[in-house]
Amino acid sequence: MANVYDIIIRPIITERSMAATAEKKYVFEVAPTAGKVEIKNAIEEIFGVKVAKVNTINYDGKMKRLGAARPGRRKSWKKAYVQLTEDSKTIEFFEGMV
């Protein structure tokens, strides 16, 4: 099993994700090999909250040109939407950004 900080790479900070924090929904970039149970356990351990549900989405890297007709590709990545339980406290990291 990987370290919890290897599973959760970074939070996703956008207008849409910040609007969802009022409903205790948070968005993170996670390791592409991480499963929903691993993501749930990592969030609970790092932030000390109770997770109700985890949804994940895999993104394929876009094809990009790198100079004169040299094809390249951006990296593929995985996003996780984390819903906390009603009685759980909020994640303090996101509180100052709303």
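Observations, loosely collected:
- Any pair with Cβ under 8 angstrom, 6 or more apart, that starts in the stretch 44-56 at a residue that is within 16 Å of ILE7 (Cβ to Cβ) and ends at one that is among the acidic types (Asp, Glu): PHE47/GLU92; VAL51/GLU44
- Test: THR21 is within 24 Å of THR90 (Cβ to Cβ) and out of contact with any strand residue (DSSP E or B) (no Cβ under 6 Å at 6 or more places or on another chain): yes
- Top-ranked residue of the stretch 51-98 - restricted to ones that are open to solvent by 90 Å² or more (accessible area, probe 1.4 Å) and under 14 Å from the mean Cα position of the chain (by Cα), ranked as nearest to ILE39 (Cα to Cα): LYS53
- Total residues in the stretch 53-98, condition in contact with a Lys or Arg (Cβ under 7 Å, 6 or more places away or on another chain) and at positive phi: 0
- Once the stretch 1-17 is narrowed to residues that are part of a helix (DSSP H, G or I) and in contact with a helix residue (DSSP H, G or I) (Cβ under 6 Å, 6 or more places away or on another chain), the residue that is farthest from GLU45 (Cα to Cα) is ILE7.
- The conditions of being more than 18 Å from LYS75 (Cβ to Cβ) and part of a strand (DSSP E or B) are met by VAL54.
- In the stretch 23-35, the qualifying residues are those that are of a type in the set (D, E, K, R) and under 19 Å from GLU86 (Cβ atoms), and the one that is least open to solvent (accessible area, probe 1.4 Å) is LYS24.
- For the stretch 36-50, a residue qualifies if it is part of a loop (DSSP other than H, G, I, E, B) and open to solvent by less than 30 Å² (accessible area, probe 1.4 Å), and exactly one does: VAL49.
- Scan of the stretch 12-22 for residues that are open to solvent by 40 Å² or more (accessible area, probe 1.4 Å) and touching a residue at least 40 places away in the same chain (Cβ under 8 Å), ordered by number: ILE13, ALA22
The values are calculated or read from the model by the stated rules, or taken from the named source; none is laboratory data. What you see is a predicted model, and the numbers here were worked out from it, not measured in a lab. Methodologically, a virtual Cβ is constructed for each residue, glycine included, from the backbone with ideal geometry; neighbour enumeration extends over all protein chains shown. When the accessible area is computed, the model is the full protein with side chains, heavy atoms only, and any ligands, DNA or RNA have been set aside. Shrake-Rupley method; radii C 1.70, N 1.55, O 1.52, S 1.80 Å.
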